[in-house]
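Asker: Below is the structure I would like to discuss, written out as structure tokens.
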Amino acid sequence: MTTARRLLATTALAATALHAGPLISTFGPLRNRLMPGLSGRGRPGHVALTFDDGPDHLSTPHFLRLLAARDIRATFFLLGSMAVRSPGLVQEMSAAGHEIALHGWAHKPLLLRGPRATYEDLARADGLIGDLTGTPSRLFRPPYGILTGPAHLAVRRLDLTPVLWTTWGEDWRAKATPRSVYDTVVRDLRGGGTILLHDSDCTSTTGSWRTTLAALPRLLDTCAERGWEVGPLREHYTA
């Protein structure tokens, strides 16, 4: 191989590593062990409750009513493409004390986007949600939990902190049931953990939010029985 070809190959490899290198963060057990901050590991007596893919005018209000009845606040990672359809609902969620965070504009893997497209997607959603709530977003969760080099650069420019999860319910699956969602969450749930659920089925099996909603009361009961406070991520790291 000539020097020129070796240089081209090295440059291509470096570019690939920059773009996809952070993919190690997608492997849950490894991430939880090596990247506790990115996983959402917080204080032992607290569990962060988070929802993705909303707001959805058909489903999200049901979650808001259940949480209000329990006097619990959560963190909602919103899609800009959904928020623009229900601006009043976003404002209602914020006014109710829930933490509004960023899930990007379109629910597409960041691996399919270059640096410019990644930044524009995040900035567009960040601007809309900030305008609706009057408060800048602090947190970002990438679609499918896949972070890339350009995404890390974009969140730094936008002053966002990426947060994934320590346990999830796999509630988007067609075969999910309230029992399976509960069992899947609790299997890996520890004090200080972050739960990922979905308050919308816009990227999931149609009607899957009903399964999540049915599983939620038992999950909250289990947290209470184990002595864990449930709340948003903004309260997760305080002493």
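Asker: Can we say Ala101 is at negative phi and free of Cβ contacts under 8 Å to residues at least 60 places away in the same chain? Working first, answer last.
Answerer: Numbers: at negative phi: yes; free of Cβ contacts under 8 Å to residues at least 60 places away in the same chain: no.
The answer is no for Ala101.
Asker: Separate question: So which residues in the stretch 37-82 are closer than 18 Å to Glu229 by Cα, among the acidic types (Asp, Glu) and either within 16 Å of the chain's Cα centre (by Cα) or in a helix (DSSP H, G or I) (or both), if there are any at all?
Answerer: Listed by number, the list is empty, since nothing qualifies.
Asker: Something else now. From the list Asp188, Asp171, which residue is surrounded by fewer than 22 Cβ atoms within 10 Å (Cβ to Cβ) and either acidic (Asp, Glu) or over 19 Å from the mean Cα position of the chain (by Cα) (or both)? So that I can check it myself, show each step before the final result.
Answerer: Working: Asp171 fails: surrounded by fewer than 22 Cβ atoms within 10 Å (Cβ to Cβ).
Within the list Asp188, Asp171, the selection yields Asp188.
Asker: Quick test for you: out of Leu197, Leu220, pick the one residue that is in contact with a helix residue (DSSP H, G or I) (Cβ under 7 Å, 6 or more places away or on another chain) and within 30 Å of Ala106 (Cβ to Cβ). If you could, list the steps in order and put the result at the bottom.
Answerer: Values: Leu220 fails: within 30 Å of Ala106 (Cβ to Cβ).
Residue meeting the stated conditions: Leu197.
Asker: Residue check, Asp71 against (1) charged (D, E, K, R); (2) closer than 11 Å to His198 by Cα; (3) surrounded by fewer than 17 Cβ atoms within 10 Å (Cβ to Cβ), all met but one. Which one?
Answerer: (2)
Asker: Now, a different point. Looking at Leu147, Leu122, can you tell me which residue is of a type in the set (A, V, I, L, M), touching a helix residue (DSSP H, G or I) at 6+ places or on another chain (Cβ under 8 Å) and outside any helix (DSSP H, G or I)?
Answerer: Only one candidate qualifies: Leu147.
Asker: Kindly indicate whether Phe27 is modelled with pLDDT under 55 and among the aromatic types (Phe, Trp, Tyr).
Answerer: Working: modelled with pLDDT under 55: yes; among the aromatic types (Phe, Trp, Tyr): yes.
Judged against the criteria, Phe27 is a match.
Asker: Do we have any residue at all in the stretch 136-149 that's closer than 21 Å to Ala96 by Cβ, surrounded by fewer than 22 Cβ atoms within 10 Å (Cβ to Cβ) and over 15 Å from the mean Cα position of the chain (by Cα)? Talk me through it step by step, then tell me what you get.
Answerer: Step one: of the stretch 136-149, the residues closer than 21 Å to Ala96 by Cβ are 136-139, 141.
Those left that are additionally surrounded by fewer than 22 Cβ atoms within 10 Å (Cβ to Cβ): 136, 138-139.
Adding the requirement that they be over 15 Å from the mean Cα position of the chain (by Cα) leaves 136.
Within the stretch 136-149, one or more residues are closer than 21 Å to Ala96 by Cβ, surrounded by fewer than 22 Cβ atoms within 10 Å (Cβ to Cβ) and over 15 Å from the mean Cα position of the chain (by Cα).
Asker: Under 8 Å between Cβ atoms, which residue pairs at least 6 apart in sequence (or on different chains) link something in the stretch 177-192 that is among the aromatic types (Phe, Trp, Tyr) with a partner that is part of a loop (DSSP other than H, G, I, E, B)?
Answerer: Close Cβ pairs satisfying both conditions: Tyr182/Gly169.
Asker: Here's a follow-up. Could you tell me which numbered condition Ile129 fails, if it satisfies all but one of (1) of a type in the set (Val, Ile, Thr); (2) over 11 Å from Gly80 (Cβ atoms); (3) part of a helix (DSSP H, G or I)?
Answerer: (2)
The values are calculated or read from the model by the stated rules, or taken from the named source; none is laboratory data. Here the structure is a predicted model, which is why all the values come from computation and not from measurement. Every residue, glycine among them, receives a Cβ derived from its backbone with ideal geometry; neighbour counts consider all protein chains shown.
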